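Heads up, the thing below is written out as C-alpha cells.
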Amino acid sequence: MIFGKISCFITFFSLKNQSLLIKHIYNLDWEVRYLTTYIILSRFSPEAFADPKDFKHLAHAVSGKIKSDCPGVVWKDSFALMGRFDVIDIVEADDPNQVEKAAMIIRAYGHSSTETLVATPWKDFLAML
C-alpha cells in the first residue's frame, strides 16, 4: 500500500462583473491499494445438502455472510467444476486475512473443504522473469 498526501491547486475562473476570481485550494488525501488475486477451490461435504435444489439457498446464505463480514474481498467470478473440486471462486483483496476469513465462512457455512491459492496474472509473471 502506498499512502500519501498531495496538495493541488484547483483554479476556478468565473467571469462575474468583468472580474476574474481565482479561488479554492484543496488538500487531497490519496491512497493506492494493490489487490492480489486469489483462487478459492471448494469441495462440498456429502452432508452439505440433501437435495441439489437446496444448494441455491446455501450458496445465497454463504454469499451474504461473506459480503457482510469480508468487505475487503471483491468477488470476480465463480465456476462449477467437474473434477476434484466442485467450485472455483476468483477473488481479489488487499488483505489476505479477509480472504482467509471468506474461506473459513465457506468451510463453516457451506460445509465444504477449501484450498486457497495466490494467483499472479500471466503477463506479470512473464515480466518478472
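Observations on the structure shown:
- The single condition among (1) of a type outside the set (Ser, Thr, Tyr); (2) touching an Asp or Glu at 6+ places or on another chain (Cβ under 9 Å); (3) over 14 Å from residue 42 (Cα atoms) that residue 102 does not satisfy is (3).
- Neighbours by Cβ (under 6 Å, 6+ apart or cross-chain): first from the range 95-122, free of Cβ contacts under 8 Å to residues at least 60 places away in the same chain; second in a loop (DSSP other than H, G, I, E, B) and surrounded by 14 or more Cβ atoms within 10 Å (Cβ to Cβ): 95/72; 98/70; 98/72; 98/73; 101/70
- Cross-chain or 6+ apart pairs with Cβ under 7 Å, the range 50-69 first and assigned by TED's automatic domain parsing to the domain that holds residue 102, then β-branched (Val, Ile, Thr): 62/105; 62/106; 65/105; 66/73; 66/105; 69/105
- Condition broken by residue 73, with the remaining ones in (1) farther than 20 Å from residue 35 by Cα; (2) buried (at least 16 other Cβ atoms within 10 Å of the Cβ) satisfied: (1)
- Residues located in the range 31-54, provided they are acidic (Asp, Glu) and either at pLDDT 85 or above or within 24 Å of residue 84 (Cβ to Cβ) (or both): 47, 51, 54
The values are calculated or read from the model by the stated rules, or taken from the named source; none is laboratory data. Predicted model only: the values in this text are computed from it and were never measured. Please note: Cβ atoms are built from the backbone with ideal geometry, for glycine as well, and neighbour counts cover all protein chains shown.
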